[in-house]
Amino acid sequence: MRELQAIVETYKQTTHSDQRAALATVVKVSGSTYRRPGAQMLITQDGHSVGTISGGCLEHDVMIRSQQVIATGNAAIVEYDSTSDDDIIWGLGLGCNGVVYILIECIELKHELNPLAFMDQCLHQQQVGVLATVFSVEEQATLLGNHLMLSPRRAVYSDIEDSNLRQAVLADAHFAYINQQPASKSYSVAGSVIEVFFNVIQPPVPLVIFGAGHDVSPVMQFAKALGWHVTVVDPRCSEASLTRFQTADCVLLVRLENVHEKVALSDQTIALVMTHNYLYDSKLLQLLLPSPVRYVGVLGPKHRTDRLLQESRAEGRIYGEVQLERLYSPVGIDIGAETSEEIALAIVSEIQAVLASRSSGFLRNRQAPIHDRVKPKPQSNVVQIDEMLMNV
């Protein structure tokens with residue numbers, strides 16, 4: 001997330017000059033690779049770059065190729081194959097035993113289908129969008145780099161001229177929007193196979209921290225480093241919090257009885273309870289557990305939270321299994337944390353694991369690949385446009 005924000009910020013700075021830029025995107029991989037589809041890197045005309053598409057072994061070559069794309073304005077697809085043991089001979093020496101396909105496209109800053117302007121819109125509105133890009137074509141090179149954009153408000157923009165292909169891509173863009181996972185899809189149009197990458201532009205993770213103690217600061221700093229949107233809620237309404245948490249996206253001085261009016265709680269919200277006040281925590285659990293938030297972390301020992309829940313039951317507030325599954329207390333993963341910084345690291349690591357649907361164990365004990373992989377569909381992955389439209 002932080003990488004995407006940095007790319008968009010660099011793009012916005014570039015718009016104030018007459019420079020052109022190129023956007024390199026990992027659109028397809030096979031085998032073991034450092035970055036997954038959707039990883040991006042922006043290269044400006046003067047040679048500045050931001051973002052990474054590998055562990056550092058591909059960036060130099062991509063920067064060189066990007067200058068040619070900027071000069072000609074024509075998009076290019078580059079394949080890097082490290083499956084051979086001899087790949088070190090030709091200069092990259094990836095050693096990952098995988099294949100990476102990278103699309104490099106020239107960014108026309110004033111073009112109405114500027115993908116970076118679209119990403120900026122998604123981040124600004126804090127809503128999901130889908131960017132579909134043609135990255136492989138047979139005998140129709142003019143299609144390379146064409147886009148279809150499904151905006152956060154479900155508006156559609158596209159420069160794909162073939163109406164049948166555009167309709168098919170739009171249908172899959174809606175699927176990617178619902179699934180919220182990047183994907184590649186192949187289409188057969190008049191005997192020509194066209195591949196499209198669907199990149200899901202995610203808004204920053206909305207983290208709401210209830211509490212304004214000194215231990216909140218390192219949590220905020222870690223979260224900001226990851227590009228999350230951080231809101232600090234101080235129920236004691238201390239003016240000092242406005243200064244202490246200057247780097248937060250939002251600081252709210254609000255009494256607990258008014259929190260529901262001031263704080264947006266959606267199914268994407270991550271909530272952290274760090275008030276160090278038993279009565280505050282009791283009222284916050286009454287607000288958060290029935291809400292749609294995806295994660296509720298409570299600082300403090302387990303027996304303290306158990307007591308809070310027991311008192312709620314005695315007062316007639318019974319929380320269901322689904323609600324309690326979103327409750328994490330004691331908050332954080334077990335890394336032997338003692339200091340505020342170590343505790344913050346444990347908390348943010350647990351949240352990241354929850355967001356990624358991981359158990360946060362040691363990677364050396366993981367039997368599956370490090371990156372989750374969507375199993376490719378066999379022949380059915382190539383969609384015959386005519387057949388698809390007959391079934392609509």
Spin-label pair Ser32/Asp61, simplified geometry with 7 Å Cα→Cβ offset, distance in nm: 1.9 nm
Unit charges on C-beta of K, R, D, E only; dipole of segment 142-187, Debye: 220 debye
Translational diffusion of segment 1-44, µm² s⁻¹ [Kirkwood Rh, Cα pairs; Stokes-Einstein; 20 °C; 1.002 mPa s]: 183 µm²/s
Between helix 340-355 and the chain: long-axis angle, C-alpha atoms, 0 to 90°, nearest 10: 50 degrees
Simple label model, 7 Å out from Cα along Cβ direction - Arg358 to Ala190, nm: 4.6 nm
Cα-based helix-to-principal-axis angle, 115-125 vs the chain, degrees rounded to 10: 20 degrees
Inter-part distance where segment 119-171 and segment 311-367 are each reduced to a Cα centre, Å: 37 Å
Inter-probe distance in nm under a simple model that places probes 7 Å from Cα toward Cβ, at Asn97 and Arg255: 6.4 nm
When each of Lys262/Lys302; Lys262/Lys283; Lys12/Lys110 is checked by Cα-Cα distance, pairs over 23 Å: Lys262/Lys302
Linear extension gain, Thr243 paired with Asp81, 0.36 nm per residue minus alpha-carbon span: 53.2 nm
Unit Cα scatterers, Debye sum, the chain: log10 I(q)/I(0) for q = 0.08 Å⁻¹: -0.52
Mean Cβ count within 10 Å, highest first, over the residues of peptides 145-157, 206-218: 206-218, 145-157
Accessible heavy-atom area order of Arg244, Arg317, Arg236, highest first, probe of 1.4 Å: Arg236, Arg244, Arg317
Over segment 306-376: Rg over Rh, Cα atoms, Kirkwood Rh: 1.11
Pairwise FRET efficiency - His276 versus Gln13, Cβ, R0 = 35 Å, nearest 0.05: 0.25
Which of Cys237, Leu272, Asn258, positive extreme of dipole for segment 194-278 (C-beta unit charges): Cys237
Total charge dipole magnitude, the chain, about the Cα centre, Cβ charges on Lys, Arg, Asp, Glu only, Debye to nearest 20: 1140 debye
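The values are calculated or read from the model by the stated rules, or taken from the named source; none is laboratory data. These figures come from a predicted structure and were not determined experimentally. Using ideal geometry, Cβ is built from the backbone for each residue, glycine included, and neighbour counts are taken over all protein chains shown. Just the protein is used for accessible areas: all its heavy atoms, side chains included, with ligands, DNA and RNA removed. Shrake-Rupley method; radii C 1.70, N 1.55, O 1.52, S 1.80 Å.
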